[in-house]
Number of protein chains: 2
Amino acid sequence: MAGPSILVNGEPGETVSVLDRGFQYGDGIFETIRVADGRPDFWERHMARLASGCERLRLPAPDGDLLRCEAGQLCEASRAGVLKIVVTRGIGGRGYRLPEKADPTRVVALFAAPGYPESFVREGVRARFCRARLSDQPMLAGLKHLNRLDQVMARGEWSDETIQEGLMCDAANNMIEGTMTNVFIVRGGALHTPDLSRCGVLGIMRGIVLDLAQQLGIETEIRAIPRDEMKSAAEIFLTNSVIGIWPVRELEGRDYRLGDVTRKLIEVLARLATD
Amino acid sequence: MAGPSILVNGEPGETVSVLDRGFQYGDGIFETIRVADGRPDFWERHMARLASGCERLRLPAPDGDLLRCEAGQLCEASRAGVLKIVVTRGIGGRGYRLPEKADPTRVVALFAAPGYPESFVREGVRARFCRARLSDQPMLAGLKHLNRLDQVMARGEWSDETIQEGLMCDAANNMIEGTMTNVFIVRGGALHTPDLSRCGVLGIMRGIVLDLAQQLGIETEIRAIPRDEMKSAAEIFLTNSVIGIWPVRELEGRDYRLGDVTRKLIEVLARLATD
């Protein structure tokens, strides 16, 4: 497989300085965007999250038109791929101190599509719970930042190729998210997804699914979901920008059905994506 | 000021791949070592911590002799400097998944000494409390890992050049550490320092000070220290490998004296360092 096409601050390149604060401290944020037929999906939503993340980290946000141009340049020939945008605080500052005027580093990279089988959407996936807990940190909660050791450690817990995702809890045993996905459950026809005010990533697909549910008249609730409650969920599904929606057909050896709410959302999302 | 001298995987260089997991996820650890008269201080202690950090992150540890050789090469001509060693999981793995056989990236860099005035040791420094809390995460507690957004955000809270350090608490308002230092208080002649089992970095100088205290017959206690208790501390001091020991002469507008226990430890450490 060929490597990704990469632009570093607008120029073809493959490297960053070892002094970049992204490498030194994970001082930055990223977006992972599905590319279909030469276009990044849900571009505006990704750009809005990127801007809000930059603001929370007090990072100057990259120019939107410039990013769109660079992304377009990489994506135009791609039938299916994944675009990753990384923005860091660049080089500068003594120690942790923020530079007076940050000169951010901007990396835009197009990767081949991961090539997940279609059965993951049609029939569902197998999932497990991870022992690794998510850090409790309201200051960074919701952000797609570059401090991802929680996820790395959690993903290191299994190598069974038939298990597609590991779910992570907080220290209080509330179910929060998967290593690379958000989690939804269906109960009594309503859609429930964890509150992410203390940890977790506010996924773009999570937001889209919540919006679609509202449009379809499906009741939604964002709240603390104890891990034990997963056992009695009627339906479970996972979301992220690249996979869309994956029903969970098995979690920790327990079977779940691909129910009507999940099926309906997959259907509506597919229409949205091909519009 | 000239930039640092850097070896990347043993070769003079200044860059790493944007695909390096250090840049993508902060997936790695580091050491910051004081260099005096051509030699890195407390080398064995730093190497022991690096090895233990690699083990906890399931990273293959770099060869000790190789690191010593590379460090020696950079340091031999340095009268005073700071050596930083970064080890990441290198390139590889799809998403967060750990590569089957990691090929770590090893960065060894020599920086100029920060040039803090001697008065910081002799007379003490001014400190403040940060609003930013430390993430609660026992899985990573103690490690000097590359996920340092907590510290970056905390350090971004002040720009007053006369304040040298910001102290950070956990969510329960226990005092844990400074953005770049460990914290000690003296009460009734005994030395107390926070328990770091849920967050914080197990500093090399913290370990040295605890050992010195024991040798001097000073009672030591490692425990939860509520932030409010700082007000009634007889002495407060900060430690890290580069600064050694800095007494705190002012914290949040309250004055503290440079007491006997702090003075004694500074004295003994100075002898140790010049032995």
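Along the Cα-to-C-beta direction of A:Glu219, a point sits 7 Å from the Cα; which residues of segment A:186-208 have their amide N less than 16 Å from that point?
Counting backbone N atoms under 16 Å from the label point, the list is A:186-193.
Go through segment B:158-239 and name the GluC sites (Glu not before Pro) that are in a DSSP coil and have 14 or fewer other Cβ atoms within 10 Å of their Cβ. Provide the component values of the computation, followed by the final result.
Details: sites: B:Glu161, B:Glu165, B:Glu177, B:Glu219, B:Glu221, B:Glu229, B:Glu235; in loops: B:Glu161, B:Glu219.
Those satisfying the criteria are B:Glu161, B:Glu219.
Please compute the contact order of segment B:5-112 in relative form: average sequence separation of alpha-carbon pairs under 8 Å and at least six residues apart, divided by the residue count, as a percent.
RCO, segment B:5-112: 38 percent.
Count charges around A:Gly90 for me, please; just the other residues with Cβ under 11 Å from its Cβ, Lys/Arg as +1, Asp/Glu as -1.
Taking every other residue near A:Gly90 into account, the sum is +1.
For the pairs B:Lys144/B:Lys231; A:Lys101/B:Lys84; A:Lys101/B:Lys231; A:Lys84/A:Lys264, flag any whose C-alpha to C-alpha distance is greater than 26 Å. The partial results should precede the final answer.
On the way: B:Lys144/B:Lys231 29 Å; A:Lys101/B:Lys84 24 Å; A:Lys101/B:Lys231 36 Å; A:Lys84/A:Lys264 29 Å.
Beyond 26 Å between Cα atoms: B:Lys144/B:Lys231; A:Lys101/B:Lys231; A:Lys84/A:Lys264.
Show me, bin by bin at 10 Å from 0, the whole-percent P(r) of the protein assembly as shown based on Cα pairs.
3, 17, 27, 25, 16, 8, 3, 0
How high is the relative contact order of chain B, given as a whole-number percent (alpha carbon pairs under 8 Å, six or more residues apart)?
Rounded, it is 17 percent for chain B.
Check each of the trypsin sites (Lys or Arg not before Pro) in segment B:117-208 and keep only those in coil by DSSP with at most 14 other C-beta atoms within 10 angstrom; list them in order.
Those satisfying the criteria are B:Arg131.
Most mobile of A:Ile163, A:Ile33, A:Ile204 per a Gaussian network model of chain A (Cα springs, under 10 Å)?
A:Ile163
Counting other Cβ atoms within 10 Å of each Cβ, which GluC sites (Glu not before Pro) in segment A:1-63 have at most 16 and sit in a DSSP loop? Mind dumping the intermediate values first?
Working: sites: A:Glu14, A:Glu31, A:Glu44, A:Glu55; in loops: A:Glu14.
Passing sites in segment A:1-63 are A:Glu14.
If amide hydrogens are placed 1.01 Å from N in the peptide plane, which non-local residues have theirs closer than 5 Å to the one on B:Lys144?
Correct list: B:Phe30.
In what sequence do A:Ser17, B:Ser135 fall when counting other Cβ within 10 Å, fewest first?
Neighbour counts put them in this order, fewest first: A:Ser17, B:Ser135.
What is the fewest-to-most order of A:Thr32, B:Thr181 by other Cβ atoms lying within 10 Å of their Cβ?
Result, fewest neighbours first: A:Thr32, B:Thr181.
Which angle between 0 and 90 degrees, to the nearest 10, do you get for helix B:260-274 versus the longest principal axis of chain B when only C-alpha atoms count?
Around 30 degrees separate the two axes.
Could you give the nm distance between label points at A:Ser232 and B:Ala80, where each point is 7 Å from its Cα heading toward the beta carbon?
Computed distance between label sites A:Ser232 and B:Ala80 equals 6.7 nm.
Only Cα pairs within less than 10 Å get springs; with that Gaussian network setup on chain B, which residue of B:Pro114, B:Pro247, B:Pro226 has the largest fluctuation?
Largest GNM mean-square fluctuation: B:Pro114.
Over 27 Å apart: what share of the alpha carbon pairs of segment A:119-274 falls there, rounded to a whole percent?
16
First select every other residue whose beta carbon is under 15 angstrom from the beta carbon of B:Phe129; then total the charges, Lys and Arg +1, Asp and Glu -1.
On the way: positive: B:Arg126, B:Arg128, B:Arg131, B:Arg133, B:Arg155, B:Arg227, B:Lys231, B:Arg254; negative: B:Asp150, B:Glu157, B:Asp160, B:Glu165, B:Asp170, B:Glu177, B:Asp228, B:Glu229, B:Glu250, B:Glu252.
Every neighbour counted, the sum reads -2.
Return the sequence-ordered ³J(HN,Hα) values of segment A:180-195 in whole Hz as given by the Karplus equation 6.51 cos²θ - 1.76 cosθ + 1.60 applied to θ = phi - 60°, using x for Gly and Pro.
Karplus values, whole Hz, x for Gly and Pro: 9, 9, 8, 10, 10, 10, 10, 9, x, x, 9, 9, 10, 9, x, 5.
Give me the net charge for the shell around A:Pro247: Cβ to Cβ below 13 angstrom, other residues only, Lys and Arg +1, Asp and Glu -1.
Working: positive: A:Arg122, A:Arg126, A:Arg249, A:Arg257, A:Arg263, A:Lys264; negative: A:Glu118, A:Glu123, A:Glu165, A:Glu235, A:Glu250, A:Asp255, A:Asp260, A:Glu267.
Around A:Pro247, the surrounding residues sum to -2.
Would you calculate, for chain A, the mean residue ellipticity at 222 nm contributed by helices, counting each DSSP H stretch of 4 or more residues as -39,500 (n - 2.57) and dividing by all residues, to the nearest 500?
-7500 deg cm²/dmol
Based only on the alpha carbon positions, what is the Kirkwood hydrodynamic radius of segment A:5-112, in angstrom?
For segment A:5-112, the Kirkwood estimate is 14.1 Å.
Bear in mind these aren't lab numbers, they're just calculated from the coordinates by the rules spelled out. On a predicted model such as this, the values are computed, not experimentally measured, just so you know. Glycine also receives a Cβ, built like all others from the backbone with ideal geometry; neighbour counts cover every protein chain displayed.
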